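K.L.:
I'd like to ask you about the structure that follows.
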Amino acid sequence: MPVSRIAIAVVVSGLAAGYLVSGGSPDARDVQDTRPVGSGRADPLYTGSLPRGRVLMAQAEGASAGADAAPGTAPAAGDAPKPDLTALRYFSRQGDQRRVDAEIARLRLLYPGWSPPDNLNEPEQVGDPELDRMWQLFADGKYAEARSAVAARRAADPRWTPPEDLTARLNEAEGRARLMNASDAKQWETVLQVAAEVPNLLTCADPESLWRVGEAFANTDRADRARDAFQYVLKNCDDAGVRLATVQKALAVLDIARVDQLLTLERKGADGKSEFETVRADIVRSKIGRAAETNQTAAAADLSMLENVARTGTSADDPLVLGWYYLRQNHADQALTWFQMATSREDTAKSAEGQVLALSALGRNQEAEQVAYPARTKSDDMLKAYRIVATALLATDPAPRLEAGVLARTADELGRAREASGAQAVGWYSYNTNQIGTAIQWFTTALGWDPNDEPSAYGLALSYQNQKDRAGFNRILQQWGSRSQRIADLAVDPRRRRSAAPPVAIPAPKISTAQIAPPAVRDPVQTGGISGSISRASDAIRAERAAAAAAYTPSRVQAAASVPAPPQPIAPAMVRETVRETVSEPAPRAPRAMSREDLASSMLDDFSEPVRAPREVTVTQVNQPAVRGAKGPSGCPLARNPTTAANRGWCLMELERPMEAIAAFDVAIQTGTGQVKEDAAYGKALANLRAGLTGNAAVAATEAAQSPRRSVELSVQILTQRAIASYRDEKYAETIIALNERSRYVPEQNDLMMMRGWAYFNLRRYSDAQRIFTAVSKTGDAAGMRGLVAIGEVTGRIKD
Amino acid sequence: MIGRTFKTCAKILAAGVACLVLGVSLSVAQETKMVGSVTDAEWGAYKQKFVQPNGRVVDDGNGGISHTESQGYGMLLAVAANDPAGFEQIWTFTRTQMLLRDDGLAAWKWDPNAKPHITDINNATDGDILIAYALGLAGTNWKQTGYTRAARSLAKAISTRTIAEHNGMSIMLPGASGFAKADRADGPVVNPSYWIFEAFDELKRLDPETDWASLQAGGLKVLDMARTGPSGLPPEWLSLAGTPHPADGFPVQFSYNAIRIPLYLLRAGLDEAGRLAPYKKAWASGIPSVVNLSSGAPATQLGEPGYRMVAASLFCALDKAAVPASLKQFSPTLYYPSTLHLLGLSLVRQRYSTCL
């Protein structure tokens, strides 16, 4: 701020003379000629005295130029150069009063205290018609011809030099043309270079140049300098139209905070009205648009104003802005309404995309698919959105009831995409609807497109088992057994494997396999490691096709309800978790070993926003030994021996007094042995976790040997908390590290995957984030979609 | 032979030793000889037809657009005609309308029917070279340091942005984007006619830090590698990926671009007969043609005087053949052949005046 105030002071006090003195060297055609003699600053571009615009430009380098330069620009009063009156006299003799007035105004600005002579129309001592012609060419905007005339005369008369004023004015006029052309061509560095070379352009007389300079600064990541350019106009220029336009220009390129700084310079008219009232809606629209981009909450007053404007207006833009805002704010229902309004006014790719994302966020994937399908050809983004929605739709659990046509077209489009994830989704859908042969085809296809797609290999293994195709199963086992524990586990005890569909044939109506048959794997190279199995599997596929054709029932896939539901969700990203659970707890719906951890993570905030920290996590339910015996003041048993100490600890835990519980467990650890000691160390670790003392928890966990199960459980707990705490502290790299360690013990469920995704997002590792969000969204979880939206917006902005 | 001599000479030059003793003309002597090699009448007619008052040189055979090539040729011919006023006029347009790129190169094309007039920000390296070369000559000839400064910064930008190394060879990318190895499957792609050999001495004087001699040697090597099909003529665009071959997506033709190659060689004094032999053979009738390089068969005949002047210059240089009387008279046709016509006349007047 001080810098710019000084800058303005320099300008208004008219200390610009230094420029004119140095600016008019005889050979001033070259832009470099306009540089004043250097005054020792390092950057040659911005050396020396800095009149008006030059001060603005000087700040471009972020140097504290203003304060140093300002005194340097003031020539001692006596050496103030005299203005060159050639142009003034010429225009006066021509009777061109408009130009005379403009020239007088210009000279007054440059030479404060100067006033025009009253003998302007008197002939000068000697006429110079050739020079008059040059001025005329200049006045007509024929700069190349004026230059040419100067060059011709100089060639004819080597002693002749053009008047400094003519050279300076030509430099300015051409500089302006070059600045505009460079700006039109988005050559921002050239814009700024020209502005530095011809600083006299940057005055209220030429707001357009100032705006272009502001735009160039903004586009080269110099937002403060950009603001200064617009601020210069609002502080110094009085034209109401120019001032209004300046705010609009600034809105297009500046962030809201800086626009707000500019708005403090708003003036009140004689009628008491604020001068920017008429662009208030633009300002608000822009603010809400930016709030959506940066995922910040917009002011209620702004929202209600724009909503009013949107409702009463006819444009699709306002509802679109509101739609994106509400979508980012996780109000998908409101977003949907606005997107629908936008679509009804103008059906564009963007409005369709908004609707699709909102519907998908609401879990209404079928509707989303219906909107997306006809719109998928409207833009590449829309096509991507369609594929994501189609994948999510098929991966929804329980498998939705789909029209045959819908199923056929989603499968067709996902097949066209040639991405393993899409083929995998169709595979799971087929599997979930008991079309095992078709599932085999799709999983095989997915592996053809990505030979490392483990979930597809797993799906294939399950399918072969289901089909009792031992040869097929063994092939998968052979290829994947060493790489995938869950596939290896399938071989250990078939009873443990998840039976997605009971082997008993329940006559499930089928869609013809032909309808959702995968495209052939065209590129044999892509099949990679499983090429052998493809050819051998083809027999099974043929058999399945025949069977399917025999069982063909048109029109509908049976709703998931009438197909015996698999015990677990089958969405690919969840499969690992499910299997682990099934393996360790074969009994139906046994209490899950990870209950505490699940509880903790269920309390994680929905990671639908990149910046919001999860709420405090507390561990509430603990698998604890029964509490019994004498009770202390807290109502918990007093610690008379190691066992009662431990019981007291558990009791205090229940009372949410973890610090006291830690002390009680300590007693039990120090005095107890064996199981008691182990339990107490476990309790102490949990108490530390609940108290948020993750580090201590890790130490406590080592105070007594823990059973492998508890050891894993504690590690998972600790790492979970560490990840959460790191995320809360915005230490995203550490978040990832903790999550990576944690994933060595247990698979990551969706909420933690979202945390991982947002951590990548915050680290600007957008492709990693995208991978995670895509995986989550494919489980049918709308949070993933919101993450993808956020990435799209950020990367879209970068590309712009 | 000459190429090798030239390279040695350039090395000596780099060491600061004058090179005239080796018999290769590199010096101001040649430049001043160029000045005046186009007559006032010829240049006046050219300006009248192709140069607008605002300094724009119009390619009337190409929808009335301008490009850095037309502007550069205009500036070079203004030097040859010793017309500082015309030069200033054309340079003013070039600078304000086209010399806009952040990297200091010029946007190659200016379209009167588009707004903004620059529709493609890419450069064309031969246009930049022509402009820098003409500016350098003009700065010396008319003692205008401003021209020299502009020439120097353009030369440095050309060096930084368009010279690449390929298989140990120095090559010139036809544009800052779109032609490099990373840009195209068959990249790098070069245009053999973009080597304006006569400019390299001047560029070296302007920007001694760049190895322009190696770029020249690379250009000569490209010409040798570019011989295609039975005719041995070069294609317009050559891929240097693997064995050099005509670049994908362009007709496999010897055509309007490549026709200037003999002219450029001769103007630089590179008159080795072997290198010029395919052109001489193809133009035996005195009238150049577009040639289908696969078959070696001539297609469209290029009968305008300007194209015939290129052939006449070649026969003059190799066989001392007199330039036909009809070609000694310049009257403008279309921009491109007219330009070649004046460059040919300028060449013969400078180096082979006995042919006139």
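The values are calculated or read from the model by the stated rules, or taken from the named source; none is laboratory data. No experiment lies behind these values; they were computed from the predicted model shown. Backbone-built Cβ (ideal geometry, glycine too); neighbour counts: all protein chains shown.
K.L.:
Which count do you get for residues in the range B:245-259 that are surrounded by fewer than 22 Cβ atoms within 10 Å (Cβ to Cβ) and either in contact with a helix residue (DSSP H, G or I) (Cβ under 8 Å, 6 or more places away or on another chain) or in contact (Cβ under 8 Å) with a residue 60 or more places away in the chain (or both)?
P.N.:
Going through the range B:245-259 one residue at a time, the tally reaches 3.
K.L.:
Something else about it: Can you go through A:ALA704, A:ALA663, A:ALA733, A:ALA725 and tell me which one is assigned to a helix (DSSP H, G or I) and either more than 26 Å from the chain's Cα centre (by Cα) or surrounded by 23 or more Cβ atoms within 10 Å (Cβ to Cβ) (or both)?
P.N.:
Just a single option satisfies the conditions, and that option is A:ALA663.
K.L.:
Regarding A:PRO163, is this residue away from chain B (no Cβ under 13 Å) and under 18 Å from B:GLY146 (Cβ atoms)?
P.N.:
yes
K.L.:
In the range A:647-654, is there at least one residue being in a helix (DSSP H, G or I), surrounded by fewer than 24 Cβ atoms within 10 Å (Cβ to Cβ) and touching a helix residue (DSSP H, G or I) at 6+ places or on another chain (Cβ under 7 Å)?
P.N.:
no
K.L.:
Among the residues that make up the range A:98-121, is at least one of them within 13 Å of chain B (Cβ to nearest Cβ), part of a helix (DSSP H, G or I), within 27 Å of B:THR92 (Cβ to Cβ) and in contact (Cβ under 8 Å) with a residue 60 or more places away in the chain? Even if it seems obvious, please write down each step before you answer.
P.N.:
The initial filter retains those residues of the range A:98-121 that are within 13 Å of chain B (Cβ to nearest Cβ), namely none.
Scanning the range A:98-121, I find no residue that is within 13 Å of chain B (Cβ to nearest Cβ), part of a helix (DSSP H, G or I), within 27 Å of B:THR92 (Cβ to Cβ) and in contact (Cβ under 8 Å) with a residue 60 or more places away in the chain, so the answer is no.
K.L.:
Conditions first: (1) of a type in the set (A, V, I, L, M, F, W, C); (2) at pLDDT 85 or above; (3) in contact with an Asp or Glu (Cβ under 7 Å, 6 or more places away or on another chain). A:PHE773 passes all but one, so which condition is the exception?
P.N.:
(3)
K.L.:
Another question about this same structure. Is it the case, given these coordinates, that A:ASP221 is under 32 Å from the mean Cα position of the chain (by Cα) and either charged (D, E, K, R) or within 14 Å of chain B (Cβ to nearest Cβ) (or both)?
P.N.:
yes
K.L.:
Of the conditions (1) touching a helix residue (DSSP H, G or I) at 6+ places or on another chain (Cβ under 7 Å); (2) modelled with pLDDT under 85; (3) within 21 Å of A:LEU652 (Cα to Cα), A:GLY683 clears all except one; give me its number.
P.N.:
Looking at each condition in turn, A:GLY683 falls short on (2).
K.L.:
Separate question: Which ranges mark the helices (runs of 4 or more DSSP H) fully within the range A:384-498 that have 3 or more residues being more than 30 Å from A:LEU357 (Cα to Cα)? Spell out how you get there, then give the answer.
P.N.:
Numbers: elements: A:404-417, A:420-432, A:436-449, A:454-466, A:470-480, A:485-492.
It comes to A:436-449, A:454-466, A:470-480, A:485-492.
K.L.:
Across the range A:166-189, which residue is farthest from the other protein chains (Cβ to nearest Cβ) among those that are of a type in the set (Lys, Arg) and crowded, with 22+ Cβ neighbours inside 10 Å?
P.N.:
Going through the qualifying residues, I end up with A:ARG169.
K.L.:
In the range B:271-328, what count of residues is obtained for those that are touching a residue at least 12 places away in the same chain (Cβ under 8 Å) and part of a strand (DSSP E or B)?
P.N.:
7
K.L.:
Of the residues that sit in the range A:190-214 and are without any contact (Cβ under 8 Å) to a residue 40 or more places away in the chain and surrounded by fewer than 24 Cβ atoms within 10 Å (Cβ to Cβ), which one is nearest to the other protein chains (Cβ to nearest Cβ)?
P.N.:
Per the criteria, the residue is A:THR190.
K.L.:
Now, a different point. Sort out which residues of the range A:221-248 are basic (Lys, Arg) and either crowded, with 23+ Cβ neighbours inside 10 Å or in contact (Cβ under 8 Å) with a residue 40 or more places away in the chain (or both), and write them in order of number.
P.N.:
A:ARG222, A:ARG225, A:ARG227, A:LYS235
K.L.:
In the range A:377-398, is there at least one residue being among the aliphatic types (A, V, I, L, M) and over 34 Å from the mean Cα position of the chain (by Cα)?
P.N.:
no
Residue-wise test of (1) in contact (Cβ under 8 Å) with a residue 24 or more places away in the chain; (2) hydrophobic (A, V, I, L, M, F, W, C); (3) within 20 Å of A:LEU752 (Cα to Cα).
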| position | (1), (2), (3) |
| --- | --- |
| A:LYS684 | yes, no, no |
| A:ALA697 | yes, yes, no |
| A:GLU703 | yes, no, no |
| A:VAL716 | yes, yes, yes |
| A:LEU719 | yes, yes, yes |
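K.L.:
If you go through the range B:172-230 one residue at a time, how many are part of a loop (DSSP other than H, G, I, E, B), touching an Asp or Glu at 6+ places or on another chain (Cβ under 7 Å) and within 20 Å of B:SER255 (Cβ to Cβ)?
P.N.:
3
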